[in-house]
Structures are given as C-alpha cells and as structure tokens.
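A short reminder: the numbers here are calculations on the coordinates, not readings from a lab. These numbers come from a predicted model, not from an experiment. Neighbour counts are summed over all protein chains in view; Cβ atoms, including those assigned to glycine, are modelled from backbone coordinates with ideal geometry.
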Amino acid sequence: MNKGLIAICILLTTVVGGLNYTMAKLGLHVASPFLLLAIRFIGSGLLLLPFVIRRRHPRAAKQWLQVAGVSLFQTILVMTFIYLSLHTISASTSAILSSTNPIWTILFAFLFFGARYRVVQWAGVVIGFMGVIVTQNFNMQMNEGTIYALLAGVFWGFGTLVASRWSKAMDTWVLTAYQMLFAGIVLLLASLTLEQPYLHLTSNGNSWGLTLTVLIWMICFSSIFQFLPWFYVLKHYSPSKASTFMFLVPLFGILSGALILGETIHWYVIAGGLCTGIGITLVNRPAKPVRDALKLGSSGQAKGKINGVYCFVRE
C-alpha cells in the first residue's frame with residue numbers, strides 16, 4: 001500500500017467533495033436536480049469508457065449486480081438527497097449533515113457485521129449526533145432539507161461499507177465508469193418521471209460561462225476526480241479510517257460556500273461541525289496496538305479489527 005498515494009487521494013476527494021456542495025447549489029440554477037445528476041454521471045461514464053474498455057471487466061452476473069449496488073448506495077441515493085437538500089438549506093449545512101457518514105458507517109458495522117465498540121467510541125457517536133443538533137442552532141427542525149441531508153449521510157455510510165467489500169475484486173477504473181453510467185441512466189429515468197426537467201443555458205441570469213463551468217466541474221471533477229481516488233482508497237485502505245477524513249469535506253464546503261456563494265458562517269454551524277468532527281474522531285479511535293491481528297482476552301473475547309474498525313467480537 002502506497003501511503004503517499006493514499007494521502008493524495010484522500011486530500012483530492014475531500015477538497016473536491018467540499019466544493020461540490022457549492023457547485024451543486026450553482027448547478028440548480030442551470031438544471032433540475034435529477035437531470036443535472038444524469039448529465040453529470042452519463043457524461044463522466046462516457047468519458048471514462050475509452051480508458052476502461054480494454055481493462056478487466058466483471059464476468060459473473062453477481063459482480064455486475066454488485067456494480068449496480070455500489071452505484072445505488074454510494075452514488076444515486078447519496079447524490080440525490082444532497083441535491084434535494086440544497087433547495088432549502090445552505091451548502092455548508094448540507095455538507096455538515098451529510099458528512100455524518102462515518103458515524104453511520106460505525107452503526108451499520110455494529111448492526112450488520114457484529115462489530116462491538118468501546119465506551120469511548122459510543123461516546124463519539126453521541127457527540128457526533130449532538131453536533132447535528134448544534135448545527136441547527138439547538139432548534140432541530142426536521143424540515144425537508146435537513147432530512148434529505150441526513151439521509152444522504154445514512155446512505156453514504158452504508159455505501160462506504162458496501163463499496164469497500166465489493167470493490168476489492170474489481171478494477172477501480174471499470175467500477176467507477178460503469179457505476180456512474182448506471183447511475184446516470186437511472187437518474188435520467190427519474191428526471192423524466194419524478195420531476196419537471198428543465199435546462200437553462202443562458203436564461204434566469206445564467207451565462208454561458210456559468211453553465212459551462214458547472215457542467216465541466218460536475219462531469220470531470222465531481223465525478224471522475226472524486227470517485228476514482230475514493231474507490232482506490234476504499235480498495236486499499238480501511239473504510240472506517242478513510243471515513244474519518246471525510247470530516248474535511250464540510251470544512252471545505254463551509255469555506256467555499258462563504259467565498260463563492262457569500263453564505264454567512266454562523267457560530268453554531270462551526271460549533272456543530274467541530275462536535276461532529278470530535279465524535280467521528282472518537283468513533284474511529286483505535287484501541288491500544290496488539291501484537292497480533294486477533295488476540296484472545298481473558299474474558300473469552302477476541303480483540304482486533306472488523307472492516308478496519310477496532311472492536312471486540314465474541315469467540
């Protein structure tokens with residue numbers, strides 16, 4: 001494992017991920033949510049096809065279903081709920097709420113993979129959720145935007161586990177290209193059936209420059225330059241540790257929202273983001289190093305890692 005390359009991929013993913021909220025907010029002036037996402041993913045998938053056509057493709061139907069599953073949980077549901085949230089809440093708030101995904105990753109690992117955690121990790125979960133409340137200025141109104149952003153975090157957390165497990169046997173470039181194409185086709189159908197699609201190239205105050213900037217960013221940066229390094233990280237690195245760094249996403253989201261959109265950075269947004277970050281850090285805090293990957297304790301339990309998370313499992 002090349003740690004330097006892993007670090008570069010994580011930094012690229014978090015910077016682009018943070019800027020995505022601001023660009024998505026601008027993009028909603030150009031096109032309706034489902035149509036904008038469909039253009040983004042179909043365009044990205046088609047751009048990648050010449051580079052993956054000769055690479056090793058899945059042969060079994062099961063692997064193609066896994067590609068579709070990764071696309072559904074890691075891309076379609078996450079991006080849909082983020083874009084829907086941006087209609088009613090700021091880019092910075094959406095970034096913080098949806099970036100609670102590491103907490104959901106831990107909870108799903110506990111519920112579905114039998115992971116057990118120490119007190120400090122459960123304290124991290126509690127502090128992380130307190131951060132969500134603080135972000136709302138202690139007035140947790142579950143409006144549409146808030147619910148959508150939280151749902152994005154939920155599916156992002158579950159999708160991280162799914163992508164980590166299923167991507168190991170696949171070529172990263174192939175997985176990225178086809179999961180985006182699948183997402184684009186599904187979202188195009190959703191646009192035609194669930195919304196009144198619109199595409200404003202130069203009207204409503206838009207200019208060709210804004211439209212081209214948004215579309216180029218969505219197709220190239222938001223998709224290719226984010227998903228490729230992220231899937232590489234999940235394939236070669238612990239999903240729980242990688243998720244910890246996702247706290248940098250709302251940081252870049254807040255900064256870009258203030259600089260580009262002129263959004264006001266309220267004190268409670270910063271405080272809530274810090275609480276969420278502390279919670280995520282505690283959740284992923286490792287136990288004291290053990291000599292072996294799995295070491296028996298005196299209580300008849302085994303101590304080690306499950307999916308990269310330090311935890312306890314019964315023998």
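Below are the figures for this structure:
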{"item": "L212-V119 FRET efficiency (beta carbon distance; Förster radius 45 Å; 0.05 resolution)", "result": "0.30"}
{"item": "For E263, distant residues with modelled amide H under 5 Å away", "result": "A258"}
{"item": "Placed amide H near R116: partners under 5 Å, 5+ positions off or other chain", "result": "F312"}
{"item": "10 Å binning of all Cα-Cα separations within segment 1-40, expressed as whole percents from 0 upward", "result": "27, 35, 23, 14, 1"}
{"item": "Residues whose placed amide H lies under 5 Å from that of A31, excluding near-sequence neighbours", "result": "H200"}
{"item": "Lys, Arg +1 and Asp, Glu -1 on Cβ, resulting dipole of segment 31-145 about Cα centre, debye, nearest 20", "result": "720"}
{"item": "Karplus-derived 3J(HN,Hα), 6.51/-1.76/1.60, for each residue of segment 185-197, Hz, glycine and proline x", "result": "5, 4, 5, 5, 5, 5, 5, 6, 10, 10, 9, 9, x"}
{"item": "Highest average packing first - 64-77, 117-130, Cβ atoms within 10 Å", "result": "64-77, 117-130"}
